[in-house]
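Have a look at the structure below before the remarks.
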Amino acid sequence: MQRKIRLLCATALALACHAAGATVLQTLGAGMAVGITTNVAHFDLNTVLANDWVEDGLLFHFTGYGANNGCGYAGVDCYDAVSDLSPAFSGNYMATSGTNAYISVRKADGGDIYRIEFAAASGYQVLNGYWATYADGLRTGSGNFSAPRGVVLGLGDGAGFDEVRYFAFSTPNRQAGYSAPALDEVRVGLPEPASPALCAVALLGLLAVRRRGRSV
């Protein structure tokens, strides 16, 4: 009987840890990835074309031609209306362009991100996005998506990551080339219930059963 209980506990622990450290999940649509929000960035105060912009505990860095011909900063909009770029965009947004250019999102304190979503768009007429997540400099996930216009991209991982890089190419399923990404309305949320804390609870339960078995 004790052996069966230990087996069940070990199985529960494995399932909990797998859920907590599973692959990065991509979603498309507002509210699909983030429930309770902890950090939000709108870029409305970034009026000096600043790189390494910090807003509400989030750090944004771009490569490429940061000014992007003035688009996206200081209220300058290169479209008839900012909603032409994406219906989810509002006011200022962050944009760049160049060979393999990307916009990076991190927490300013270096902490992990478990759930994030942002309005993703492109300097090209059609959006062909590519994202990659990193933890301690190692890539933990990546993916492509396409849409006629901008979308809200969501990413979630119970194990967490410390950086997201967002690219936008001229054709689908690209990972390199000339890129013109733009993003706005960034939201970071609490980790999913199957978190590393759940692993700890399951582990404590397993240890308790093992101790009880030894005392019998």
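Would you calculate the separation in nanometres between label points at LEU45 and THR23, each defined as 7 Å from the Cα along the Cα-to-beta-carbon direction?
According to this spin-label approximation, the distance is 4.0 nm.
Full-extension gain between ARG149 and ASP109, please, as 0.36 nm times their residue separation minus the C-alpha to C-alpha distance.
Here the segment from ARG149 to ASP109 would lengthen by 11.1 nm.
I need the calculated FRET efficiency for the pair SER170 and SER90, taking r as the beta carbon distance and R₀ as 25 Å, to the nearest 0.05.
Step by step, r from the Cβ atoms, then E = 0.45.
Could the peptides 24-36, 84-96, 177-189 be put in order, highest first, of the mean number of other beta-carbon atoms found within 10 Å of their residues?
Numbers: 24-36: 16.0, 84-96: 21.6, 177-189: 23.2.
Result, highest mean first: 177-189, 84-96, 24-36.
Below 9 angstrom from the Cβ of ILE113, what's the summed charge of the other residues (Lys, Arg +1; Asp, Glu -1)?
-1
So for the stretch 24-193, taking the charge dipole from beta-carbon charges (+1 Lys/Arg, -1 Asp/Glu), which of GLY31, THR96, LEU127 sits furthest toward the positive end?
Of the listed residues, the answer is LEU127.
No value in this document is a laboratory result; all are computed from the given coordinates. Model, not experiment: these values are computed from the prediction. With ideal geometry, Cβ positions are generated from the backbone for all residues, glycine too; neighbour counts draw on all protein chains shown.
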